[in-house]
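S.K.: Below are the structure tokens for one structure; questions will follow.
The values are calculated or read from the model by the stated rules, or taken from the named source; none is laboratory data. Source: prediction; values computed, not measured. Virtual Cβ from ideal backbone geometry, glycine too; neighbours counted across all protein chains shown. Ligands, DNA and RNA are excluded from the accessible area calculation, which covers all protein heavy atoms including side chains. Shrake-Rupley method; radii C 1.70, N 1.55, O 1.52, S 1.80 Å.
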Amino acid sequence: MIRIRPYQSGDWPVMWDFIAPVLHAGDSYAVPRDIGESDAYRMWVELPRAVRVAEDARGRVLGTYFLKPNQPGPGDHVCNCGYLVAEHARGQGIANKLCEDSLRVARELGFTAMQFNMVVSTNEVAIRQWQKHGFKIVGTLPGAFRHPQLGLVDAHVMYRLL
């Protein structure tokens, strides 16, 4: 059984254990490899409007996501979302469950559009899930980010609720 619940302060050490290798490997879209734990905490926990954690029946953390406005002010109906599944939980359908939950929470928070980065593989799952629920591609930001291995990438795809 997989349960998705709001972030709790005691979750961070476990989350950092599986977020850190991804950040330091350069597998995220626009985060420098030398990002420290305090900056990662601010990015993943402090700034977002919602942070959720997936856990198994034993309370073991399997994955996480955050939702935050893409920009303050008039464009804050556009949601930026980050998904991450722990290495030990890959192949268990966690990304699908996180994406389903994020759609529900995004609607509750009043978001009507989603901006995705296309480099993190979990977001490929997210794109399929959000399309299933009525979102469509409306544009990209060409060369928006510099990925450590891929160079400049068309990193963002916008989805809007139909």
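S.K.: Do the conditions hold for residue 92, that is, is it modelled with pLDDT under 85, open to solvent by 30 Å² or more (accessible area, probe 1.4 Å) and either out of contact with any Asp or Glu (no Cβ under 7 Å at 6 or more places or on another chain) or not in a loop (DSSP other than H, G, I, E, B) (or both)?
M.R.: no
S.K.: Just checking, how many residues over the stretch 44-54 are touching a strand residue (DSSP E or B) at 6+ places or on another chain (Cβ under 9 Å), assigned to a helix (DSSP H, G or I) and open to solvent by 40 Å² or more (accessible area, probe 1.4 Å)?
M.R.: Summing the residues that are touching a strand residue (DSSP E or B) at 6+ places or on another chain (Cβ under 9 Å), assigned to a helix (DSSP H, G or I) and open to solvent by 40 Å² or more (accessible area, probe 1.4 Å) in the stretch 44-54 gives 0.
S.K.: Out of 119, 153, 125, report the one residue that is modelled with pLDDT under 85 and touching a Lys or Arg at 6+ places or on another chain (Cβ under 9 Å).
M.R.: Of the residues listed, the single one that is modelled with pLDDT under 85 and touching a Lys or Arg at 6+ places or on another chain (Cβ under 9 Å) is 153.
S.K.: Could you pull out the residue among 57, 30 that is in a loop (DSSP other than H, G, I, E, B) and at pLDDT 90 or above?
M.R.: 57
S.K.: In the stretch 87-117, how many are among the hydrophobic types (A, V, I, L, M, F, W, C) and touching a residue at least 60 places away in the same chain (Cβ under 8 Å)?
M.R.: 3
S.K.: Still on this structure, please answer the following. Here are some conditions: (1) in contact with a strand residue (DSSP E or B) (Cβ under 9 Å, 6 or more places away or on another chain); (2) more than 25 Å from residue 14 (Cα to Cα); (3) modelled with pLDDT under 85. Residue 80 meets all but one. Which one does it not meet?
M.R.: (2)
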